[in-house]
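Peer 1: Got a structure here, written out as structure tokens. Questions coming.
Derivation of every value follows stated rules applied to the coordinates shown; laboratory data play no part. Quick caveat, the model's predicted, so the values are computed rather than measured.
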């Protein structure tokens, strides 16, 4: 039994499409900023920009000298959990969990994430 040229071309096209799809799907990871690994990457990866968060976090840390990354990370993991960050933040704002940092009124979890970014 021989394989037809059409079958080979279809299989090759499918393979090329699968590889191209994988590159498009995972390619954004190659283009984003790279940071040294930290024990808090599960939280910090939720940020769009660690550099912007770091700037806000430095101001927050200046006012909250008792901040400890491990304690904050534990509290953030409990507060955010497996929820989407946007849903967790909307819930937090609805409950009145807001604070001021660097002139911004932001949810407490965002302030914690920013401080965490500034402390590592």
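Peer 1: Considering every Cα-Cα pair within the chain, what fraction, in whole percent, is farther apart than 24 Å?
Peer 2: Cα-Cα pairs of the chain separated by over 24 Å account for 42 percent.
Peer 1: Between helix 108-119 and the chain, what is the angle of the helix's C-alpha long axis to the longest principal axis, kept within 0 to 90° and rounded to the nearest 10?
Peer 2: That works out to roughly 80 degrees.
Peer 1: Could you work out how far helix 69-80 tilts from the main Cα principal axis of the chain, as a 0 to 90 degree angle to the nearest 10?
Peer 2: Roughly 70 degrees, rounded to the nearest 10.
Peer 1: Once you have the Cα-Cα distance between residue 94 and residue 63, take 0.36 nm times their residue separation minus that, and quote the gain in nm to one decimal.
Peer 2: Using 0.36 nm per residue and subtracting the Cα-Cα distance, I get 8.7 nm.
Peer 1: Given springs between every Cα pair under 10 Å in a Gaussian network model of the chain, which of 91, 48, 66 has the largest fluctuation?
Peer 2: The residue with the greatest mean-square fluctuation here is 66.
Peer 1: Considering the convex hull of the alpha carbon atoms of the stretch 59-110, report its projected area averaged over all viewing directions, in nm², one decimal. Show your work: numbers first, answer last.
Peer 2: On the way: hull surface 15.0 nm².
For the stretch 59-110, averaging the hull's shadow over all directions gives 3.7 nm².
Peer 1: Can I ask one more? Using alpha carbons only, how many degrees (0 to 90, rounded to 10) separate the axis of helix 85-94 from the longest principal axis of the chain?
Peer 2: So the inclination is approximately 30 degrees.
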